[in-house]
Structures are given as structure tokens and as C-alpha cells.
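Data block below; observations after.
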Amino acid sequence: MTADAQHRIEWRGWTPVGRTNPKPTRRGCRLSLVQTPQTRAALRYLTLQARASWSGPPLEVPLAIHAVFVFAPPKSWPDWKRAAALAGDIPHATKPDASNLLKLLEDACTQAEVWRDDAQIVEATTLKRYGPTPGASLYIFERDPVPSTRADYTPQRSA
């Protein structure tokens with residue numbers, strides 16, 4: 001699936017963190033929602049890296065994305081377990097969860113103007129795994145644009 005990607009953005013040396021829900025904070029008599037410092041820092045880093053690696057105008061067609069998040073195995077694990085994790089025999093089935101990781105990447109790419117709006121994403125897959133170098137890769141596939149008129153529409157025949 002990743003070999004035929006039309007665009008790819010990579011973040012290496014970054015330990016993936018998920019997007020957290022904003023925390024309610026009282027300022028005087030007003031209550032506001034504030035992102036955690038960890039989420040703000042991660043979003044800032046991802047946005048800067050995406051902006052630096054993206055050349056061209058924002059995508060404006062429907063998109064499919066495939067995100068791969070790589071985590072370093074814990075140093076506290078014994079050597080045999082670390083080797084098994086790096087070989088792909090142990091899945092990364094702990095926090096952060098895949099949906100929060102993906103939300104953070106989507107927000108960063110929207111802010112970096114990789115695409116106009118993350119509502120353009122019509123299909124998304126996420127993979128979490130262990131690897132020697134933590135980071136993330138985002139593979140972007142452009143889908144056929146939505147027909148603008150009835151004359152542009154060609155029905156797909158089902159078999």
C-alpha cells in the first residue's frame with residue numbers, strides 16, 4: 001500500500017505522542033479550554049517538519065492516508081523481548097492510542113497546509129509498531145475528485 005503513495009512525509013527521531021483533550025482552565029471568571037503543553041509542543045514540531053518537507057500548494061481533492069507510528073521498545077524489557085518487538089512479533093498495544101496519534105498528524109498537516117481541511121480524508125489506516133528509530137510516516141494518496149456537474153459523473157457499474 002505504501003509503495004504507490006503519491007506523497008510521503010516523515011518524522012524521524014520523534015517519539016510519537018497522541019493528541020490529548022483540552023483541559024478546562026479558569027482565568028478570572030472565565031472558563032477556557034487549553035491544550036496540554038505536551039500536545040502543543042508536539043503539534044508545533046510536527047507542523048514545522050511537515051511544512052519543511054512539503055513543497056507545493058495544499059491538496060484539494062479527496063484523500064486516503066496511511067500513517068505508520070514507530071516506537072522504541074522500553075529499555076526495561078529483557079533483550080529477548082526487545083528483539084522480538086523489533087522483529088515485529090510483539091505489537092505495540094499500549095498508549096497512546098492510534099486515533100489520537102492520527103488526529104495529531106491530521107491537525108499538523110492541516111496547519112502546515114499539506115491539505116486544505118482534514119475533512120478531505122475519506123479513508124485512513126493507522127499502524128503502530130516497534131522499531132529501532134522512533135518516528136512517524138504519513139503516506140498520502142489522492143482520490144478521484146468529486147464531479148462538479150452531472151455531465152462529469154460516470155456511474156460505476158457493480159459486478
| query | What share of the DSSP beta bridges in the chain is antiparallel, in percent to the nearest 5? | reply | 65
| From Cα coordinates alone, what are the radius of gyration and Dmax values for the stretch 16-95 in angstrom? | 18.7, 56
| field | Cut-off of 10 Å, at most 15 other beta carbons, DSSP loop: longest stretch of the chain lacking such trypsin sites (Lys or Arg not before Pro) | value | 1-74
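What list do you get for V17, V34 if you sort them by fewest beta carbons within 10 Å?
Values: V17 20, V34 12.
Ascending Cβ contact count within 10 Å gives the list V34, V17.
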| query | What number, rounded to the nearest 500 deg cm²/dmol, is the helix-based mean residue ellipticity at 222 nm of the chain, given -39500 (n - 2.57) per DSSP H run of at least four residues and division by all its residues? | reply | -8000 deg cm²/dmol
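How long is the gain from S99 to S76 if the chain were fully straight, where each residue apart is worth 0.36 nm and the alpha carbon distance is subtracted? Walk me through the numbers before you get to the answer.
On the way: separation 23, 0.36 × 23 = 8.28 nm, distance 2.64 nm.
The span from S99 to S76 would gain 5.6 nm if fully extended.
V122 to E10: FRET efficiency via 1/(1 + (r/R0)^6), r the Cβ-Cβ distance, R0 25 Å, to the nearest 0.05?
Values: r = 23 Å, r/R0 = 0.91.
The calculated FRET efficiency here is 0.65.
Magnitude of the Cβ-charge dipole of the chain, K/R +1 and D/E -1, about the Cα centre, nearest 20 debye? Intermediate results must be reported in sequence, preceding the final value.
Working: 21 positive and 15 negative charges, 191 e Å.
Using only the charged Cβ atoms, the result is roughly 920 debye.
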| message | How much length would be gained if the chain were fully extended between T154 and A41, taking 0.36 nm per residue of separation minus their Cα-Cα distance, in nm to one decimal? | response | 36.1 nm
| Which of Q111, T15, Y139 sits farthest toward the positive end of the charge dipole of the chain, with +1 on the Cβ of Lys and Arg and -1 on the Cβ of Asp and Glu? | T15
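If I take every Cα pair under 8 Å that is 6 or more residues apart in the stretch 68-128, average their sequence separation and divide by the length, what percent do I get for the relative contact order?
So the answer I get is 47 percent.
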| query | Please identify the GluC sites (Glu not before Pro) of the stretch 84-127 that satisfy two criteria: DSSP loop assignment and at most 16 other Cβ atoms within 10 Å. Which are they? | reply | E113
| note | Hits for the chain under the membrane-span-like helix rule (DSSP H, Cα axial span at least 15 Å, Kyte-Doolittle mean at least 0.5) are none
| query | Please report, for the Cα atoms of the chain, the Rg to one decimal and the Dmax as a whole number; what are they, in angstrom? | reply | 18.9, 64
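Every number in this text was worked out from the coordinates using simple rules, so none of it is lab data. What you see is a predicted model; the values in this text were computed from it and never measured. As a convention, Cβ positions derive from the backbone with ideal geometry for all residues, glycine included, and neighbour counts pool all protein chains shown.
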